[in-house]
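Notes for the one structure printed next.
The values are calculated or read from the model by the stated rules, or taken from the named source; none is laboratory data. This one's a predicted model, so the numbers in the text were calculated from it and none came from an experiment. Every residue, glycine among them, receives a Cβ derived from its backbone with ideal geometry; neighbour counts consider all protein chains shown. These area figures cover heavy atoms from the full protein model, side chains too; ligands, DNA and RNA do not enter into them. Shrake-Rupley method; radii C 1.70, N 1.55, O 1.52, S 1.80 Å.
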Amino acid sequence: MKAAYINQTGPPEMIQFADLPEPKPTPTQCLIKVAAVDVNPIDIYIRSGMVQAKLSFPWILGRDFAGTIMEVGPGVKRFKVGDRVWGSNQGADGRSGTFAEFIAVDERWVYYTPQSVTDEEAVAISLVGITSHLGLVRSARVKSGEILFVNGGSGGVGSSVVQMAKILGARVITTAGSDAKVEICRNLGADLAINYKSQDVDPAIKQFAPEGVNIWWETLREPNFERTVPLLSLRGRMVVMAGRDARPQLPIGPFYVKDCALLGFAMFNASPREQRSAAEDINLWMSEGKLKPRIDRVLPLAQAAEAHRLQEESTVRKTGILAGKLVLKP
Ligand SMILES: NC(=O)c1ccc[n+]([C@@H]2O[C@H](COP(=O)([O-])OP(=O)(O)OC[C@H]3O[C@@H](n4cnc5c(N)ncnc54)[C@H](OP(=O)(O)O)[C@@H]3O)[C@@H](O)[C@H]2O)c1
């Protein structure tokens, strides 16, 4: 089968697209013919070596998948040949990556794809959708009527947080780096979308939320708590989930006197049960047409190196050339 993989970490040119042996499913695994995969910033950090991970080469890239089941191991209980499925959280802890024509995935990590949802849409929401759900429901426990702020409302995580927070009844403030992206954020349901390059963000937040923001979801890799803590409400919660090198100062005084809480998480730590619970809500909301994955573009898997280059430029060098997910098709 064709797969996109690396034999050593380094720049996108390290990515090879060539033949590797097809995987054989274990008794609890499904063999899946992959129809779509996507790129996440974590793929860039691991492929480049920015984040040290235990890799066995050839290392197949990719965390997420959508496709059709071709074969099931004798212990698989919930799926059968021909089912359309999606999933995330592969390519870690001994699980193989997804950038291949065929993958073998333990059924714990597999979810049905609703009939009305395409493979491209299912894969585009996978990791960012589960992340958003974990952050909003399990960590921040968002309540109807609360005000939530998230940076980068047209980005991978941001576009999903904006929509899910609205579904859960919050009022949503977000930012974007261009007027076109501000428009995307409004179309996703944001109540207030601010162009962070041309507008003064903090006064706009204060005007919308005079009592402060109940949940501040930080997607930036360099959080600035000196700036953001004063914008929090009494009992405000701050969600942090990016920036492994970040070492910002936390102004404890203004933070504790407002009973605030700091909530960090990484989606890859969530158990299969927690991820499934998120996936079930995601499926429901997608089939109801309430949650629409934000796809920037679709490329052939053979262009995995170009896809990594684009994602790296957009997320790490902050050129913002992408607005949403980059999907690849084998
Ligand atoms: N902890 C976890 O489980 C977890 C899960 C998923 C992702 N992450 C991390 O979360 C981060 C975001 O991921 P992503 O997939 O959403 O990346 P992304 O699609 O590249 O989005 C990044 C967003 O940041 C915005 N942005 C950049 N500079 C900004 C600034 N100065 N002010 C406001 N917004 C700014 C961009 O807005 P414009 O394009 O409009 O400039 C863009 O929307 C990454 O570091 C990723 O590794 C963590």
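The residue of the stretch 99-128 that is farthest from the ligand (Cβ to nearest atom), among those that are small (Gly, Ala, Ser) and either without any contact (Cβ under 8 Å) to a residue 60 or more places away in the chain or in contact with a Phe, Trp or Tyr (Cβ under 9 Å, 6 or more places away or on another chain) (or both), is Ala100. Close contacts from the stretch 42-55, counting a first residue that is without any contact (Cβ under 8 Å) to a residue 24 or more places away in the chain and a second that is assigned to a helix (DSSP H, G or I) and exposed (fewer than 15 other Cβ atoms within 10 Å of the Cβ), with Cβ to Cβ under 6 Å and a gap of 6+ residues or different chains, come to none at all. Among the residues making up the stretch 205-252, those that are of a type in the set (Lys, Arg) and either within 16 Å of the ligand (Cβ to nearest atom) or surrounded by 20 or more Cβ atoms within 10 Å (Cβ to Cβ) (or both) are Arg221, Arg227, Arg237, Arg244, Arg247. Which residues, taken from the stretch 257-291, are open to solvent by 50 Å² or more (accessible area, probe 1.4 Å) and in a strand (DSSP E or B)? Across the stretch 257-291, the qualifying residues are Leu262, Gly264. The set of residues in the stretch 181-214 being part of a helix (DSSP H, G or I) and touching a residue at least 60 places away in the same chain (Cβ under 8 Å) consists of Lys181, Ile184, Leu188, Phe208. Say whether the condition of being out of contact with any Leu (no Cβ under 7 Å at 6 or more places or on another chain), open to solvent by less than 10 Å² (accessible area, probe 1.4 Å) and within 10 Å of the ligand (Cβ to nearest atom) is met by at least one residue in the stretch 137-152. Yes, the stretch 137-152 has at least one match.
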